[in-house]
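S.K.: Below you will find the structure I want to go over with you.
The values are calculated or read from the model by the stated rules, or taken from the named source; none is laboratory data. Note that the coordinates shown come from a computational prediction; the quantities given were computed from them, not determined experimentally. Backbone-built Cβ (ideal geometry, glycine too); neighbour counts: all protein chains shown. To get the accessible areas, we keep the full protein, side chains included, count just its heavy atoms, and leave off ligands, DNA and RNA. Shrake-Rupley method; radii C 1.70, N 1.55, O 1.52, S 1.80 Å.
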Amino acid sequence: MIKADTLLTGGWLVTMDAERRLIEDGAVAVQGGRIVALGTASDLAERVQAENRVDCTGHIIFPGLIDVHAHAGHGLVKSIGMHGGDRWEEICGEVYTQASPPAFWRAEARLAALERLRFGVTTGVSLLGGGDTIMRTDRPEHASAHCRGVAEVGTRSLVAVGPTRAPHPRTYADWEGGQRRTYPVTFQAQMQTCAEIVEAWHGSHGGRIGIAMLYPVLRNEHEEGMDPADYAAACDQVQEVRAFAREKGLVFTQDGHWRGSVRRAEGLGLLGPDALLSHCIDLHEDEIELIVESGTRVAHNPSANASIAGRCPATEILARGGSVALGSDATAPDRSGDMFRHMQQAMHYHRRHHRDADVLPIGQVLEMCTIGAARALGMDKEVGSLEVGKAADLVTMDLRRPHLYPPNMPLHRLVCFANGNDVSNVMVGGEMVLSEGCPTRVSEAEILEEAAREAELMIDRIGARADLALPEGIWGREGGQP
């Protein structure tokens with residue numbers, strides 16, 4: 001007889017194991033945070049003695065979803081200034097360097113983690129800021145506040161930290177005592193901050209919090225518009241960050257590859273199976289080969305603005321045996337962390353390009369945010385599928401809803417018709433952190449109140465009240481008149 005803390009029984013089981021088994025009237029037994037048995041409900045009823053039984057009749061049970069690219073901080077900025085040309089990015093830059101004390105990062109982390117939890121995303125990558133000039137690594141307090149916030153909610157997170165690119169120093173500010181104080185920050189100071197963050201947080205909270213290293217994408221001097229000395233310094237710096245990531249066994253990631261930058265990354269020695277390159281739009285043929293041959297992973301964000309500016313050849317990379325996983329790029333500035341939305345977007349994005357409705361079938365796109373995503377992060381021995389011995393990260397969804405009926409073809413209902421708000425229960429490491437749609441560790445009302453308060457303070461610090469107004473032309477007609 002197998003002893004278990006919890007037995008989930010009676011639902012459709014989507015294992016995402018090597019055989020991609022779908023088990024009707026299935027069951028999963030969990031003990032000590034790990035899966036100890038799975039199979040049919042009738043089989044496990046005879047073999048498992050469980051302290052707690054969860055009736056999943058009418059539900060589908062699947063591995064926790066994984067989001068391989070998103071941004072910490074964006075949850076409190078969201079769409080502010082998005083209609084003002086580059087204004088949204090300007091706001092991010094100002095907020096993340098000048099107007100975001102640790103309380104901001106804790107509030108945003110809790111909000112973003114709760115959003116992920118409610119959407120069935122048990123693991124996510126979060127860049128501590130929004131790009132090459134706005135990483136919040138002047139001091140470790142900001143990353144620590146973020147990591148604590150995520151840990152309180154109970155999801156897994158891989159937090160990407162790193163320095164801005166040359167030239168340095170960069171000017172940052174804090175708000176101790178409510179007063180703004182500015183100070184210069186060097187590359188070496190940011191590297192020291194990153195080292196302290198890695199030491200304090202990587203592998204903490206039972207492995208739920210991990211740290212990755214990031215350095216901005218480098219193209220060439222002409223495209224960068226940089227002084228030759230600054231560009232040379234940036235090349236030296238990215239190699240130092242890459243070497244540090246290898247030394248510590250961390251994922252190395254970059255945000256925004258396109259049109260020749262992968263070739264440049266290869267020349268700098270940045271590629272490899274522990275490298276995760278985001279967006280990767282309009283790659284040249286030789287760059288696709290470099291990615292596949294080096295085992296480099298790609299974070300494809302089909303709902304992002306970059307995927308409007310160009311196309312990520314995700315299907316071509318997958319066809320050659322390469323690794324592509326899905327990211328939300330949330331919440332910047334018009335997309336959420338709902339991975340169901342991004343699965344559906346990915347399918348239509350590539351089918352439209354190839355003019356072929358059979359491209360990127362539903363099972364393959366589900367792989368891209370479960371076992372394929374886990375593999376891209378080097379976590380596939382622990383999460384990404386429902387298998388005996390793996391961490392019990394799983395999600396249940398009640399299919400007894402009008403938009404998910406009739407009750408046949410459950411995999412199709414899951415990928416093509418579901419949305420994040422259909423999630424009913426979420427288990428992370430054997431702990432039920434969402435039960436019947438309600439978080440078990442934290443108060444949702446308290447998190448929302450805290451997020452609203454910190455957002456108001458942030459808006460006042462940067463004087464962005466005008467950026468909240470509806471812009472002209474939002475209705476598509478001048479003045480909103482018919």
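S.K.: Taking H279 and the conditions (1) under 22 Å from A234 (Cβ atoms); (2) out of contact with any Gly (no Cβ under 8 Å at 6 or more places or on another chain); (3) surrounded by 22 or more Cβ atoms within 10 Å (Cβ to Cβ), which numbered condition does it fall short on, given that it satisfies the others?
M.R.: The number of the failed condition is (2).
S.K.: From (1) within 17 Å of V125 (Cα to Cα); (2) in contact with a helix residue (DSSP H, G or I) (Cβ under 7 Å, 6 or more places away or on another chain), pick out the condition that doesn't hold for A304.
M.R.: Unmet condition: (2).
S.K.: Right, here's the next one. Tally time: how many residues in the range 96-113 are β-branched (V, I, T) and modelled with pLDDT of 95 or more? Can you show your working first?
M.R.: Step one: of the range 96-113, the residues β-branched (V, I, T) are 97.
From what's left, modelled with pLDDT of 95 or more: none.
Count: 0.
S.K.: Quick one: D25 ticks every box in (1) of a type in the set (D, E); (2) part of a helix (DSSP H, G or I); (3) at positive phi except a single one, so which number is it?
M.R.: (2)
S.K.: Looking at the range 1-22, which of its residues are part of a strand (DSSP E or B), of a type outside the set (V, I, T), under 28 Å from the mean Cα position of the chain (by Cα) and surrounded by 19 or more Cβ atoms within 10 Å (Cβ to Cβ)? Walk me through it before giving the result.
M.R.: Looking only at the range 1-22, we keep the residues that are part of a strand (DSSP E or B), and these are 2-14, 22.
With of a type outside the set (V, I, T) added as a condition, the list becomes 3-5, 7-8, 10-13, 22.
Cutting the leftovers down to under 28 Å from the mean Cα position of the chain (by Cα) gives us 8, 11-13, 22.
Across the range 1-22, the qualifying residues are L8, G11, W12, L13.
Let's see how each residue does on (1) assigned to a loop (DSSP other than H, G, I, E, B); (2) open to solvent by less than 50 Å² (accessible area, probe 1.4 Å); (3) in contact with a His (Cβ under 7 Å, 6 or more places away or on another chain):
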site	(1), (2), (3)
L434	no, yes, no
V442	yes, yes, no
E449	no, no, no
A452	no, no, no
P471	yes, yes, yes
W475	yes, no, no
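S.K.: Follow-up. Collect the residues in the range 135-150 that are of a type outside the set (S, T, N, Q) and open to solvent by 10 Å² or more (accessible area, probe 1.4 Å), keeping them in residue-number order. Don't jump to the end; show me each part of the working.
M.R.: Start the filter on the range 135-150 by keeping residues that are of a type outside the set (S, T, N, Q), which leaves 135-136, 138-143, 145-150.
Of everything in the range 135-150, those that are of a type outside the set (S, T, N, Q) and open to solvent by 10 Å² or more (accessible area, probe 1.4 Å) turn out to be D138, R139, P140, E141, R148.
S.K.: Does G206 satisfy being buried (at least 24 other Cβ atoms within 10 Å of the Cβ) and more than 24 Å from A306 (Cβ to Cβ)?
M.R.: Working: buried (at least 24 other Cβ atoms within 10 Å of the Cβ): no; more than 24 Å from A306 (Cβ to Cβ): yes.
No, not satisfied.
S.K.: While we're looking at this one, here's another question. Would you tally the residues in the range 59-87 being open to solvent by 30 Å² or more (accessible area, probe 1.4 Å) and touching a residue at least 40 places away in the same chain (Cβ under 8 Å)?
M.R.: So the first thing to find is which residues in the range 59-87 are open to solvent by 30 Å² or more (accessible area, probe 1.4 Å), and the list is 78-79, 82-87.
Next, only the ones that are touching a residue at least 40 places away in the same chain (Cβ under 8 Å) stay: 78-79, 82-84, 87.
Residues in the range 59-87 being open to solvent by 30 Å² or more (accessible area, probe 1.4 Å) and touching a residue at least 40 places away in the same chain (Cβ under 8 Å): 6 in total.
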